[in-house]
Amino acid sequence: MKSSVITFPGSNCDRDMDVALKKFGFNNKMVWHDDNELPKSDLVVLPGGFSYGDYLRCGSMASKSKIMRSVIDFANSGGLVMGICNGFQILVETGMVPGVLLRNKYLEFICKNVFIRVDNVDNPYFKNLDKKVLEFHIAHNEGNYFCTNDQLNEIEDNEQIAIYYSNKDGKIEEKDNPNGSLKNIAGIFNKKKNVLGMMPHPERMIDKSLSGEDGSLFFKNLINNIK
């Protein structure tokens, strides 16, 4: 399976994602933001970080990079595109997924482990996943997901909510919402479920000794679903 990780000026999780993808069997290539074309890929990842220093709005300048035209075309053709943290911000800026990401509720940078509950398994990312509650890491300043009531109704009707912030038992409550996201939303899909944007970092949870292994479950499952 072939994957591509897009590197923007200010990306800082692109190498972590490269390590994770290769560890679980992907033949990964790093792609510079100023390139015009994607290499042949089964999966494209927009990584975390601070693309263009988060000037204007997080992800806004990266969304206009040359490579994004190819990424959008790839997604429109049914290709799998995953945006993590800053990558999620880039996805909303391109309109590939609905909504916006605002400053965290208490206007503080958050860096900690959280639990998420998988809400939709009818997609290549979470289908056949044994666990429905996972422990991932978050590190962001603008992870507060928001959309209009009309957008929310459409998202819920189309079952586009991918994951929620929850407690370790999968219960969704306000106290387990780290950033103020609407309805504890931690990640969403596009309508076709081939594009996933989420704030938590699975690539930071792939080593039992260093962090945890729930990210390993995610990547192992993902590559098996793509094969």
Got a sec? Charge dipole of the range 110-227, +1 on Cβ for Lys and Arg, -1 for Asp and Glu; which of PHE189, ALA162, SER216 is way out at the positive end? SER216
So how long is each side of the chain along the principal axes, counting just the alpha-carbon atoms, biggest first, in Å? 43, 37, 34
Relative contact order of the chain: what whole-number percent is it, with Cα pairs under 8 angstrom and at least 6 residues apart? 20
Around LYS66 (Cβ within 13 Å, Cβ-to-Cβ, excluding LYS66; K/R +1, D/E -1) the net charge comes to -2
Could you check how much of the accessible area of the chain is carbon and sulfur, as a whole percent, using a 1.4 Å probe? 47
Regression test value, accessible area per residue of the range 62-207, probe 1.4 Å, units Å², expected 42
Could you work out the relative contact order of the range 182-227? I mean the mean sequence separation of Cα pairs under 8 Å and 6+ apart, divided by the number of residues, in percent. 22
What percent does the relative contact order of the range 101-227 come to when contacts are Cα pairs within less than 8 Å and at least six residues apart? 29
Identify all lysines with a Cα-Cα distance to LYS175 below 17 Å; exclude those on the same chain that are fewer than 8 residues away in sequence. LYS105, LYS112, LYS183
Quick one: check the C-alpha center-to-center distance for the range 25-83 versus the range 177-227, whole angstrom. 17
FRET efficiency for ARG57 and LYS171 from the Cβ-Cβ distance with R0 = 35 Å, rounded to 0.05, comes out at 0.60
Would you mind putting 64-72, 167-175 in packing order, based on average other-beta-carbon counts within 10 Å, highest first? 64-72, 167-175
If the reach is capped at under 30 angstrom between alpha carbons, list the lysines near LYS40, excluding any in the same chain fewer than eight residues apart. LYS2, LYS22, LYS23, LYS29, LYS64, LYS66, LYS127, LYS191, LYS192, LYS193, LYS220, LYS227
P(r) weight above 18 Å for the range 149-227, C-alpha pairs, percent: 53
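How large is the Kirkwood hydrodynamic radius of the range 112-175, counting all unique pairs of alpha carbons, in Å?
About 13.1 Å for the range 112-175.
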To the nearest 20 debye, what charge dipole does the chain have about its Cα centre, counting +1 at the Cβ of each Lys and Arg and -1 at the Cβ of each Asp and Glu? 440
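Pulled fully out, how much extra length does the chain show between ASN128 and ASN76, if you take 0.36 nm times their separation in residues and subtract their Cα-Cα distance? Walk me through the numbers on the way to the answer.
Working: separation 52, 0.36 × 52 = 18.72 nm, distance 2.46 nm.
In short, 16.3 nm is gained.
The values are calculated or read from the model by the stated rules, or taken from the named source; none is laboratory data. If you're wondering where the values come from, they're calculated on a predicted model, not measured in any experiment. Please note: Cβ atoms are built from the backbone with ideal geometry, for glycine as well, and neighbour counts cover all protein chains shown. When the accessible area is computed, the model is the full protein with side chains, heavy atoms only, and any ligands, DNA or RNA have been set aside. Shrake-Rupley method; radii C 1.70, N 1.55, O 1.52, S 1.80 Å.
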